Amino acid sequence: MNILVVGANGQIGKHLVKYIQESGEHQAKAMIRKQEQEQYFKDLGAETALVDLEGSIDDIAKAVEGVDAIVFTAGSGPHTGPDKTILIDLDGAVKTIEAAKQVGVKRFVMVSSFDTSREAVLEAPDSFSPYVAAKLYADEWLLNTDLDYTIVHPGRLTNDSGTGKVQVAEKVERGSIPREDVAKVLLATVDNDSLIGKRFQLVEGDTAVEDALKSL
Ligand code: NAP
């Protein structure tokens, strides 16, 4: 499977591209926005596509050409304001979904926020609510397509070493999860047709990734 990783230069993205390349059965195409970011991916033997999510759907569609699946793990991050939250976390995600539709790539895995319910938007602190709202509407956009989607809702991300053990369900208690383990779950998800049309929360746990995903 040829997998486009959108947000490949991010912390989850870099782990994911590495795991895809190490899998021996899949090939990553890393969507990044700066030329100087290319070398890491070339060293892994991954293809790259230089595209800024603030560009057009057609630009993103060029990166989508030739892949079998897309994982969206981009984000504007905590150091920019609500303007970039709208442009990347919401519109960047929507444009990627539209690019997938345009090119005819059906499989789409979205890295969402832990809770994108309307209540979560209302309950979030002022500084966080635009982000949750952006993620809510990006999820809604995806749900209203006929793409083969899976929406992954990870808890608070950490840079602890992954354990390969997780807890997944439609609803789990709020918790944290190492980015390495999120990347493992994303790889196991994108290749798993039984997860099409599903969404689940993800935190650290006691169950091996493959077994945990079988419970969904
Ligand atoms: P990250 O390290 O901040 O990576 C985000 C990536 O998005 C970066 O590589 C960044 O590119 C890319 N990006 C930003 N603007 C872009 C643009 N205009 N065009 C193309 N790419 C752009 O994030 P992470 O820690 O890996 O997290 C990934 C995902 O998890 C995000 O969707 C986030 O919302 C979600 N999430 C986070 C948490 C949390 O606790 N932090 C919890 C649940 C879900 P550059 O490298 O060029 O800057």
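Of all residue pairs spaced 6 or more apart or on separate chains, those with beta-carbon atoms under 6 Å, a first member in region 142-157 that is among the small types (Gly, Ala, Ser) and a second member that is near the ligand (Cβ under 7 Å from one of its atoms) are Gly155/Phe114.
Conditions tested, residue by residue: (1) assigned to a helix (DSSP H, G or I); (2) near the ligand (Cβ under 9 Å from one of its atoms).
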{"residue": "Ile3", "(1), (2)": "no, no"}
{"residue": "Glu38", "(1), (2)": "yes, no"}
{"residue": "Lys84", "(1), (2)": "yes, yes"}
{"residue": "Asp91", "(1), (2)": "yes, no"}
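The residues of region 107-130 that are surrounded by fewer than 16 Cβ atoms within 10 Å (Cβ to Cβ), in a loop (DSSP other than H, G, I, E, B) and among the charged types (D, E, K, R) amount to a single one, Asp126. Do we find a residue being of a type in the set (A, V, I, L, M, F, W, C), at pLDDT 95 or above and either within 14 Å of Leu213 (Cα to Cα) or touching a strand residue (DSSP E or B) at 6+ places or on another chain (Cβ under 6 Å) (or both) anywhere in region 143-151? For region 143-151, residues of a type in the set (A, V, I, L, M, F, W, C), at pLDDT 95 or above and either within 14 Å of Leu213 (Cα to Cα) or touching a strand residue (DSSP E or B) at 6+ places or on another chain (Cβ under 6 Å) (or both): present. With respect to (1) surrounded by fewer than 15 Cβ atoms within 10 Å (Cβ to Cβ); (2) assigned to a loop (DSSP other than H, G, I, E, B), the lone exception for Ser194 is condition (2). In region 40-61, the residue that is nearest to the chain's Cα centre (by Cα) out of those that are surrounded by fewer than 19 Cβ atoms within 10 Å (Cβ to Cβ) and away from the ligand (no atom under 14 Å from the Cβ) is Glu47.
Determine, yes or no, whether Ala74 is more than 14 Å from the ligand (Cβ to nearest atom) and either within 15 Å of the chain's Cα centre (by Cα) or not in a helix (DSSP H, G or I) (or both). Taking the combined requirement at face value, the residue does not satisfy it.
Set side by side, the residues Ala138, Ala169 differ, and just one is among the aliphatic types (A, V, I, L, M) and more than 17 Å from the chain's Cα centre (by Cα), which is Ala169.
If you filter region 131-162 down to residues that are away from the ligand (no atom under 13 Å from the Cβ) and assigned to a loop (DSSP other than H, G, I, E, B), you find that the one that is surrounded by the fewest Cβ atoms within 10 Å (Cβ to Cβ) is Asp146. The C-beta contact set for region 36-61 (first residue farther than 21 Å from Gly92 by Cα, second residue of a type in the set (D, E, K, R) and within 11 Å of the ligand (Cβ to nearest atom), distance under 8 angstrom, 6+ apart or interchain) comprises Tyr40/Lys14. Scan region 101-115 and tell me whether some residue there is more than 24 Å from Asn2 (Cα to Cα), within 13 Å of the ligand (Cβ to nearest atom) and not small (Gly, Ala, Ser). Checked region 101-115: at least one residue is more than 24 Å from Asn2 (Cα to Cα), within 13 Å of the ligand (Cβ to nearest atom) and not small (Gly, Ala, Ser). Filtering region 118-135 down to residues that are among the small types (Gly, Ala, Ser) and within 18 Å of the chain's Cα centre (by Cα), which residue is farthest from Val67 (Cα to Cα)? Selected residue: Ala133.
The values are calculated or read from the model by the stated rules, or taken from the named source; none is laboratory data. Please read all numbers here as calculations on a predicted model, not as lab measurements. With ideal geometry, Cβ positions are generated from the backbone for all residues, glycine too; neighbour counts draw on all protein chains shown.
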